[in-house]
1. Go through region 65-83 residue by residue and tally those that are surrounded by 14 or more Cβ atoms within 10 Å (Cβ to Cβ) and not in a helix (DSSP H, G or I).
2. Could you say whether any residue in region 84-100 is assigned to a loop (DSSP other than H, G, I, E, B) and surrounded by 14 or more Cβ atoms within 10 Å (Cβ to Cβ)?
3. Test residue 112 against the criterion of being surrounded by 13 or more Cβ atoms within 10 Å (Cβ to Cβ), modelled with pLDDT under 90 and within 23 Å of residue 26 (Cα to Cα), and give yes or no.
């Protein structure tokens, strides 16, 4: 009986140790997972898709500045210029960033070696590649849907109400003198 208890305790302890102390991701596995994930290409594709959202944000900036819901040709040109500037700056920032190194840090932080091996095995399949290619589309569509919701008159009215409530709360603070 004592042998059974000791054996059971040893097996449970051993399985807990294996679960708790999963092997750290190796550089080789991280590199392979990053390559198979096509992170650079996906980010570039997301940035191209985000162009529409950035253009919409530029229009909102001009609308807020002018107070016009419908922009004049000159205001439309200004919005286009702002949108292009934002896209250029974002593209330039991405080009200067070492995405591989950043992704490597994140992969090592969040994945164990065992998880990376499963991910690599999955990404080496046609189904894995297909799913990986669709992820940016899902993210982009989700972002666009959120942006559309944030751009509704109902949401804008709600935000205005919130800002007014914040202003009222801030009025309760004593004024500081400089």
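1. Residues flagged as surrounded by 14 or more Cβ atoms within 10 Å (Cβ to Cβ) and not in a helix (DSSP H, G or I) within region 65-83 amount to 1.
2. The initial filter retains those residues of region 84-100 that are assigned to a loop (DSSP other than H, G, I, E, B), namely 97-98.
Going one step further and asking which of them are surrounded by 14 or more Cβ atoms within 10 Å (Cβ to Cβ), we end up with none.
No, region 84-100 has no match at all.
3. Values: surrounded by 13 or more Cβ atoms within 10 Å (Cβ to Cβ): yes; modelled with pLDDT under 90: no; within 23 Å of residue 26 (Cα to Cα): yes.
In short, no.
The values are calculated or read from the model by the stated rules, or taken from the named source; none is laboratory data. Bear in mind the structure is a predicted one, so any value in this text is a computation, not a measurement. For neighbour counting, all protein chains shown are included, and Cβ atoms are generated from backbone atoms with ideal geometry for every residue, glycine included.
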